[in-house]
Ligand code: C2E
Ligand code: MG
Ligand code: MG
Ligand code: MG
């Protein structure tokens, strides 16, 4: 019966919504204690120079190790952290921990590397992001030129003059600025030209089918040219195959990040990988021993 079916569908929908809301709330409650319980950790995914295959840096990617729920991916808990405001203390922890870890590696004798840290819109809207970054650098002694902030296009929309001022102040600290997931958002080309951005990260959704799909190839080609014209470096995300890599190299993309080179690694594994790369031992991509 159509009516019953409709009613059942609604009940199913309502129950489902209830379950989702409940799960989110439960997760949010646990997450609020995760920092104190020391359950957050960072993994590091190498970024590689396309021509030499040497590591130039890494992206810090947060993970949450919950006692009962296991390893929880940021795709699941970052949205909850953003809605609840928990992203402020979490984001600050990520920033400090990334700086601390890289400075420790530098003191242990590893060459300079660039560490990229993801930023959320809320961290920028709060207004004290420049102080937070300055303080993290000061407290950890990491030189500013080793730090890169990844901003999504959603951070950059809004009051362009206020944003320009914030970005200029960040640049005057000496940090690098990158746009993450470039091409998936709404940033206008006019702003892109005005803002002091150093790097465009080509979103992995464009890289995925770049070899088979002429439209994707055209988009990637255009982003790389845009980067060249605006004097920005380009990094391709989600590079998984040699064929994708070859395409990107021919197009003049500077750097790549993806499973072809390495998955995000726990600190000790990244340290070994980077050391091998820096000493020139690493010519071919290695298959890391761990799952992401
Ligand atoms: P993102 O910043 O675009 O990071 C890249 C994501 O792509 C990572 O997922 C990485 O593991 C994955 N990835 C890398 N190479 C490949 C590949 O070759 N193939 C495929 N299929 N995937 C690849 P992850 O670690 O699950 O992070 C997901 C997202 O969570 C990140 O996307 C970022 O937006 C967010 N995130 C992670 N850490 C933080 C953080 O500390 N703060 C904030 N605000 N967001 C974070
Ligand atoms: Mg990122
Ligand atoms: Mg990205
Ligand atoms: Mg992405």
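Bear in mind that the values in this text are calculations on the coordinates, not laboratory data. All of these numbers come straight from a predicted model, not from anything done at the bench. In this analysis, Cβ positions are derived from the backbone assuming ideal geometry, glycine residues included, and neighbour counts consider all displayed protein chains.
Out of every Cα pair in the chain, what percent are spaced more than 23 Å from each other? Working shown, then result.
On the way: 25230 of 42486 pairs.
Distances greater than 23 Å cover 59 percent of the Cα pairs.
Could you tell me which of rounded, prolate or oblate describes region 57-151, using a ≥ b ≥ c as the square roots of the eigenvalues of the alpha-carbon gyration tensor, with rounded for a/c under 1.5 and, failing that, prolate when a/b is larger than b/c and oblate otherwise?
oblate
What does the C-alpha gyration tensor say about the overall shape of region 94-192? Classify as rounded when a/c is under 1.5, otherwise prolate if a/b is larger than b/c, or oblate.
Taking the square roots of the gyration eigenvalues as a ≥ b ≥ c, region 94-192 is prolate.
I need 43, 22, 221 ordered by Cβ neighbour count within 10 Å, fewest first. It would help to have the intermediate numbers written out before the result.
Working: 43 21, 22 10, 221 17.
By the 10 Å Cβ count, ascending: 22, 221, 43.
Quick check on the exposure proxy: order 277, 188, 120 from fewest to most C-beta atoms within 10 angstrom.
Numbers: 277 25, 188 12, 120 21.
In increasing order of surrounding Cβ atoms, one gets 188, 120, 277.
Once you sort the root eigenvalues of the Cα gyration tensor of region 137-207 as a ≥ b ≥ c, which label holds: rounded (a/c under 1.5), prolate (a/b larger than b/c) or oblate (the other case)?
Numbers: a/c = 2.53, a/b = 1.38, b/c = 1.84.
Note, shape of region 137-207 comes out oblate.
How far apart, in nanometres, would the label points at residue 110 and residue 125 be if each is projected 7 angstrom from Cα along the Cα-to-Cβ direction?
Simple spin-label model gives 3.4 nm for this pair.
Could you work out [θ]222 nm for the chain from helices alone, using -39500 (n - 2.57) per DSSP H run of at least four and dividing by all its residues? Round to the nearest 500 deg cm²/dmol.
Values: 12 runs with 148 residues, N = 292.
After summing the helix terms and dividing by residue count, I get -16000 deg cm²/dmol.
Please arrange 20, 112 by counting, for each residue, the other beta carbons lying within 10 Å of its beta carbon, fewest first. Intermediate values should be presented prior to the final figure.
Working: 20 10, 112 13.
Placing the least packed residue first, the sequence is 20, 112.
With an 8 Å cut-off on Cα pairs and a minimum separation of 6 or more residues, tell me the relative contact order of the chain in percent. Present the calculation step by step, with values, prior to reporting the outcome.
Working: 435 pairs, mean separation 52.0, N = 292.
Over the chain, the number comes to 18 percent.
Using a simple spin-label model with points 7 Å from Cα along the Cα→Cβ vector, what separation in nm is obtained for residue 209 and residue 194?
For the pair residue 209/residue 194, the computed spacing is 3.5 nm.
In whole angstrom, note down how far apart the Cα centers of region 171-201 and region 104-150 are.
Each part reduced to its Cα centre gives a spacing of 17 Å.
Looking at the chain, what % of its DSSP beta bridges pair antiparallel, to the nearest 5?
The antiparallel proportion sits near 40 percent.
Using Cα atoms only, what is the angle between the long axis of helix 242-251 and the major principal axis of the chain, expressed in degrees (0 to 90) to the nearest 10?
60
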